[in-house]
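The values are calculated or read from the model by the stated rules, or taken from the named source; none is laboratory data. These numbers come from a predicted model, not from an experiment. Reconstructed Cβ throughout: ideal geometry from the backbone, glycine too, with neighbour counts over all protein chains shown.
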Amino acid sequence: MSLYSGNCIELKPIEGTSFVELSVNLKNESVNKFNAETLKELGEALKLLPPSLKGLLVSSGKDSFLAGADITEFLAHFKRPESELKTWIGEIQKLFSTIEDLNAPTVCNIQGFALGGGFEFALSCDFRIASTGTKLGLPETKLGIIPGWGGTVRLPRVIGLDSALEWITSGNQYDAETALKYGAIHAVVAPQELRNAGLDLLNRASKGEIEWRALKEEKKAILPLNPTESMMAFSINKAGVFAVAGSNYPAPLKAIDVIEKAAHSTRETALQFEAEGFASVAKTVAAQALVGTFLADQAVKKKAKGTKSLAQPVSQAAVLGAGIMGGGIAYQSAISRVPMIMKDIKTEALHHGLKEAASLLDKQIQRGKSTPLQMADSLGRITPTLKMDDLKAAQVIIEAVTENEKVKISVLQEVENTVTEKTVITSNTSTISITRLAESLKHPEQFCGMHFFNPVPKMPLVEIIRGAKTSPETIATVVQYALTLGKTPIVVNDCPGFLVNRVLFAYLTAFNGLVAEGVDFVKIDKVMEKWGWPMGPSYLSDVVGIDTANHAFEVMAKGFPNRIKFEAGSPLTVLYKATRYGQKNGKGFYQYSVDAKGKSKKEVSPETYALLGQDPKSASFLERNAKITDAEIIDRLMIPFIFESARCLEEKIVDEAYELDLAMLLGVGFPPFRGGPARYADAIGTSVLLEKATVLEKKYGELYQAPTRIKNKENFYV
C-alpha cells in the first residue's frame, strides 16, 4: 500500500523491511525531470515519511534516474525579480535538505542519467549506487547558470574542492566508473543488480555495519581547508576558467565565487550564498541566451523527429563529387553506419576523396575516439566508383560537384535518368536556386537542397531547402537522414543564399563597405572577435575562400540588388582578381604559412593593403581608423545581419525565430552567449534598432532599411 501516490512521485513501504522507497516516475513523460508538479509532489511525499523510518531508498521508475530540472520552465522563472528567484531556489534547497536531515540512512539508486538537479537530488542522499552506463554531472554552467539546489555546497564536501571545481566549471558529464574514482558515488553495479545492491547497502547501514551519520555531517560542515590551500585553489581555478570562458560567460566564475564564499560556512549559510549566486547569474543575458539555445535545439530536433512517418528508410546513400565536401560527407555517412557510394568522373579524384575520409578517421584515432579496426570498418562502408549505374542502390543521392549551375543541371539530369522514380536526389549547393535546378528534372518532387557546411565533420548544421515542388516525403526522408548523420537539420524555403548565406552576405556587404571607406580590415576583425565571433569577417572570407565568396556575392547581388551591392572595385573582388583566394592558396586578406606543429598561421599581408589602395602608416588612414569607434563598427555590421534575419522570418524562408537563431549559431558561429540574431535584437530593443537604422539608412542606403518587424517595434520572442 502506498503512503503517497501522485503523477510523479510514489512513496511506499518496501515489503519485508522497515524501509520506505521514494520512486520518481513521471506519467506521460519519456524521462524524469524536476518540473513544478514533481517538486510539489516531492514536498508532499516527504511530509508523509513515518517517524519510525529506518531507511529510505530513492529510485526511478524509468530507465533513467533524473535528467535534471525542466528547462522549459526556466526562462519564465528567470523573468521574476531576483528576490523572488532566490526564494524559489531556497524552497527547493529545503526539500533536498529534508532528505539529508532524516534520522535514518538514505541510498539513491541511479541509472541512465543523473544530471543537474537530478544529481543534486542524489547528492542529498548519504549513499549513491550507479549502474554501468550511467552518466552523472552538473552541466548548469553550459546553460549560463550555476547549480542552485545544493550542488555547489555538497559536491566539494563529497569529492574535494579541486575535483568539484572541475566538475562544476566544465559542466561535463562523467561515466559511473569515473564518478566512482572521484568518490561521487559509492559503487557501480550491473543494471539488473542495482535494486538489490541498494537494499543491501541500506540494510547494512541501518544495522550499524556502515557509518552513515558522518556522511551527513561532512556535507553540512565547513570545507576542511587552511587559508593557504584555500587561496591557492581558488586563485588558480579562477585564472584557468577565465582564460577559457572569458568575461562573456560569467557562470563558471560565479560558481567559483559562490564556493569560495561558502567554503568556511556551514550548510544553511552556504546554501544562501548559492541561491544568491544563482539568482544573479540567471538574470544575465548569457543565461537567457544559452538556455534559449538549449530549448531551440530541443524544439528543432523534436520537429525533425515528427517527420519520421513520412520518410522512406535510407540504408544506402551516394555522393556525387569526391572533393573535400564529398569526402567529408562520405566520412560522416560511413561513421554513422550508412554505407556511402562515392562517385566521380576521375580516378584520382576518388583517391583524393578516400584520402580525405581516411585522414578524418585517422584524426579520430589520434584523439583516442576510434581504433584502427573501427577505421577499417568505416572505410569499408565507402564504395568509390566511376559508374553512374552503381548509384541505383542508393535511396538518397547528394550532388556535391562544382558550384556551377550548368554543370549541376547536367549532372542532376544524368542521375535522374539512371535511378528509380523513388530515389531522392539532393544538391549541396550553397546559393543556387533549388526551384530553378528542379525545373530541369522530370520529378522535381523528389528533389531538394541538402546544404552541408565546411568542414562537414565539425559543422553540426544542415540546411534542408524546400523547392517549389518538393514533396513533404522528400523533405522528411532527407531530414531523417541528416539526423542519422548526427546533424541538426533545419528546413528552409528557397531563395538566393537560402537562410544562412543570405543573412551572412548582408553582413559581408557591410564589411566590404567599411573596408572601401578606409577602415582597417585587421581592426574590424579584432572588434568583431572581441564582440564574440570566432573569427572576424576578413578572416572568415579567407576560410570560406575568396573565390567561393566572390561567386556567392554575384548570386546574392542579383537576388537582392537593392541591398547586396557588389561592384567591380569592392575589396573582395579586388583580392579575387589578384588570385588571393584565402587559406586554400595561402593568401587572401591575410597570408598563411604552416607552423612547427603543422597548423595554419595567419599574418598581416602588406600586399593586401597595396591592392586595396591603402597605406596603413599614412596620416589619413590612421585618422580614419582613430575616428571610427568599436560601437560604430559593430552597428555597421550587425544591423544588416539582424535586418536580413528579420526579412527571412517575414518572408517565411524560415518558420520560427528559434530556428533562425539556431541556424546562425550552428552555421556561422554566431556568439552563443548572445543567443542568435533574434534574441540579440530583443536584448538591444527594437526601438533602439529603429533609431539607429534611421540614421544609417540616410548615410549608407537600403542595406540599413528597417524591415516591417523592426518598424512595428515587435520583439522576435514574446
### Query
Is it true that Q272 is surrounded by fewer than 20 Cβ atoms within 10 Å (Cβ to Cβ), under 21 Å from L138 (Cα atoms), touching a residue at least 24 places away in the same chain (Cβ under 8 Å) and not assigned by TED's automatic domain parsing to the domain that holds F673?
yes
### Message
Testing E41 on (1) assigned to a loop (DSSP other than H, G, I, E, B); (2) acidic (D, E); (3) in contact with a strand residue (DSSP E or B) (Cβ under 6 Å, 6 or more places away or on another chain), one condition comes back false. Which one is that?
### Response
(1)
### Task
Would you be able to say whether some residue in region 622-631 is free of Cβ contacts under 8 Å to residues at least 40 places away in the same chain and within 30 Å of A251 (Cβ to Cβ)?
yes
### Task
State whether one or more residues within region 379-396 are closer than 30 Å to A549 by Cα and either out of contact with any Asp or Glu (no Cβ under 9 Å at 6 or more places or on another chain) or polar (S, T, N, Q) (or both).
yes
### Query
Which numbered condition trips up G6, out of (1) small (G, A, S); (2) at pLDDT below 95; (3) more than 27 Å from G171 (Cα to Cα)?
(2)
## Note on the structure
Over region 414-437, the set of residues loosely packed, with under 15 Cβ neighbours inside 10 Å and touching a residue at least 24 places away in the same chain (Cβ under 8 Å) is E414, T420, E421, K422, R436
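Which of the residues spanning region 378-400 are over 29 Å from the mean Cα position of the chain (by Cα), surrounded by 13 or more Cβ atoms within 10 Å (Cβ to Cβ) and of a type outside the set (G, A, S)? Spell out the reasoning first.
Step one: of region 378-400, the residues over 29 Å from the mean Cα position of the chain (by Cα) are 380, 383-395.
Pick out the ones that are also surrounded by 13 or more Cβ atoms within 10 Å (Cβ to Cβ) and you get 383-385, 388, 390-395.
T383, P384, T385, M388, D390, L391, K392, Q395 - these are the residues of region 378-400 that are over 29 Å from the mean Cα position of the chain (by Cα), surrounded by 13 or more Cβ atoms within 10 Å (Cβ to Cβ) and of a type outside the set (G, A, S).
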### Query
Quick check: anything in region 548-556 among the acidic types (D, E) and closer than 27 Å to I639 by Cα?
yes
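Could you tell me which residue of region 106-124 is nearest to the chain's Cα centre (by Cα), considering only residues that are among the aromatic types (F, W, Y) and assigned to a helix (DSSP H, G or I)?
Filtering region 106-124 for residues among the aromatic types (F, W, Y) gives 113, 119, 121.
Checking the rest, the ones that are also assigned to a helix (DSSP H, G or I) come to 119, 121.
On the way: F119: 22, F121: 26 Å.
Only one residue tops the list, namely F119.
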### Query
Regarding I256, is this residue in a loop (DSSP other than H, G, I, E, B), touching a Ser or Thr at 6+ places or on another chain (Cβ under 8 Å) and assigned by TED's automatic domain parsing to the domain that holds S64?
no
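Is it the case, given these coordinates, that V285 is buried (at least 20 other Cβ atoms within 10 Å of the Cβ), of a type in the set (V, I, T) and in contact (Cβ under 8 Å) with a residue 12 or more places away in the chain? Quick ask: steps written out before the conclusion?
Details: buried (at least 20 other Cβ atoms within 10 Å of the Cβ): no; of a type in the set (V, I, T): yes; in contact (Cβ under 8 Å) with a residue 12 or more places away in the chain: yes.
No.
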### Task
Report whether or not A76 is surrounded by fewer than 17 Cβ atoms within 10 Å (Cβ to Cβ) and of a type outside the set (D, E, K, R).
yes
### Identity of the residue in region 308-335, modelled with pLDDT under 95 and in a loop (DSSP other than H, G, I, E, B), that ends up farthest from K392 (Cα to Cα)
G323
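Given the structure, is K458 charged (D, E, K, R) and at pLDDT 95 or above?
no
Scanning region 508-540 for residues that are acidic (D, E) and within 29 Å of the chain's Cα centre (by Cα), which turns out farthest from P250 (Cα to Cα)? Full working, then the answer.
So in region 508-540, the residues acidic (D, E) come out as 517, 520, 525, 529.
Those left that are additionally within 29 Å of the chain's Cα centre (by Cα): 525, 529.
Details: D525: 24, E529: 18 Å.
Top of the filtered list is D525.
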### Query
How many of the residues making up region 570-606 are assigned to a helix (DSSP H, G or I) and without any contact (Cβ under 8 Å) to a residue 24 or more places away in the chain?
4
### Message
If I filter region 77-105 down to residues being of a type in the set (K, R) and in a helix (DSSP H, G or I), which single residue comes out as farthest from K216 (Cα to Cα)?
### Response
K86
### Task
Go through region 174-184 and give me each residue that's surrounded by 15 or more Cβ atoms within 10 Å (Cβ to Cβ), in contact (Cβ under 8 Å) with a residue 24 or more places away in the chain and either within 30 Å of M231 (Cβ to Cβ) or outside the structural domain of F65 (by TED's automatic domain parsing) (or both).
Y174, A179, A184
## Note on the structure
Flagged in region 34-55 as in contact (Cβ under 8 Å) with a residue 60 or more places away in the chain and buried (at least 22 other Cβ atoms within 10 Å of the Cβ), in numbering order, are F34, G55
### Query
Take the residues of region 439-452 that are buried (at least 19 other Cβ atoms within 10 Å of the Cβ) and under 25 Å from L485 (Cα atoms): which is farthest from the chain's Cα centre (by Cα)?
P444
#### Entry: Options S18, S2; residue that is part of a loop (DSSP other than H, G, I, E, B), over 17 Å from E73 (Cα atoms) and touching a strand residue (DSSP E or B) at 6+ places or on another chain (Cβ under 9 Å)
S2
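Given N237, N248, which one is on the phi < 0 side of the Ramachandran plot, under 31 Å from the mean Cα position of the chain (by Cα), at pLDDT below 95 and not in a helix (DSSP H, G or I)? Break it down into steps so the answer makes sense when it comes.
On the way: N237 fails: not in a helix (DSSP H, G or I).
Sole residue among the options that is on the phi < 0 side of the Ramachandran plot, under 31 Å from the mean Cα position of the chain (by Cα), at pLDDT below 95 and not in a helix (DSSP H, G or I): N248.
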### Query
Considering only residues of region 182-194 that are assigned to a helix (DSSP H, G or I) and more than 17 Å from A122 (Cα to Cα), which is nearest to the chain's Cα centre (by Cα)?
P191
### Summary
How many residues of region 672-712 are surrounded by fewer than 20 Cβ atoms within 10 Å (Cβ to Cβ) and assigned to a loop (DSSP other than H, G, I, E, B)? The answer is 5
### Query
Out of (1) part of a loop (DSSP other than H, G, I, E, B); (2) surrounded by 18 or more Cβ atoms within 10 Å (Cβ to Cβ), what's the single condition that is false for K617?
(2)
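Would you check which residues across region 49-76 are among the β-branched types (V, I, T) and either modelled with pLDDT of 90 or more or assigned to a loop (DSSP other than H, G, I, E, B) (or both) and list them?
From region 49-76, those among the β-branched types (V, I, T) are 58, 71-72; that's our starting set.
Answer for region 49-76, where residues must be among the β-branched types (V, I, T) and either modelled with pLDDT of 90 or more or assigned to a loop (DSSP other than H, G, I, E, B) (or both): just V58.
Given the condition under 19 Å from the mean Cα position of the chain (by Cα), in a loop (DSSP other than H, G, I, E, B) and either surrounded by fewer than 23 Cβ atoms within 10 Å (Cβ to Cβ) or touching a residue at least 12 places away in the same chain (Cβ under 8 Å) (or both), answer yes or no: does some residue in region 152-168 qualify?
Scanning region 152-168 turns up no residue that is under 19 Å from the mean Cα position of the chain (by Cα), in a loop (DSSP other than H, G, I, E, B) and either surrounded by fewer than 23 Cβ atoms within 10 Å (Cβ to Cβ) or touching a residue at least 12 places away in the same chain (Cβ under 8 Å) (or both).
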